[in-house]
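Working notes, beginning with the structure itself.
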Amino acid sequence: MSKDNNMVNTYRQQLMYLSQQKQQLQVQVNVLDSTVKELENTKETKVYKGVGNIFILKDKTDVIKETKETKETVELRLKTVEKQENDTLKRLNDLSKENKKEDKPKDESNTEGIA
């Protein structure tokens, strides 16, 4: 039983971590999406792109392309994290069901002895 409780706690910790990671990735996707929209709406043909501690002047279409590629990469990571989260949740639910099945006969035998 102690081993099962440890597994339940491990799955819960994994779910919390994956949930936080998912939230961060969703924020990144939203920021990148807004960035693309702003770049597409600007009339400038050259824009500044932050690279480390400096900004460089680049062609707007190149920056849009790079930003869209980054967004696609982040979206793929987000899908992976969502899949991991779903798998972990399923394992946690399965383990919880197993624990309930194991506990049920013990509870029934205790009530029979009392009557």
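Summary table
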item	result
Sites matching trypsin sites (Lys or Arg not before Pro) across region 15-101 that sit in DSSP coil, with at most 16 neighbouring C-beta atoms within 10 Å	Lys43
Reported label for calculated semi-axes √(5λ) of the Cα gyration tensor in Å given (1) 53, 12, 9; (2) 41, 22, 10; (3) 28, 17, 14	(1)
Between 0 and 90°, nearest 10: helix 60-114 axis offset from the chain longest Cα axis	10 degrees
Potential lengthening between Thr80 and Leu95 on full extension [0.36 nm per residue; Cα-Cα distance subtracted]	3.1 nm
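Each value in this text was obtained by applying a stated rule to the coordinates, not by laboratory testing. Since the structure is predicted, the reported quantities are computational estimates derived from the model, not experimental observations. FYI the Cβ positions are ideal-geometry reconstructions off the backbone, even for glycines, and counts take in every protein chain you see.
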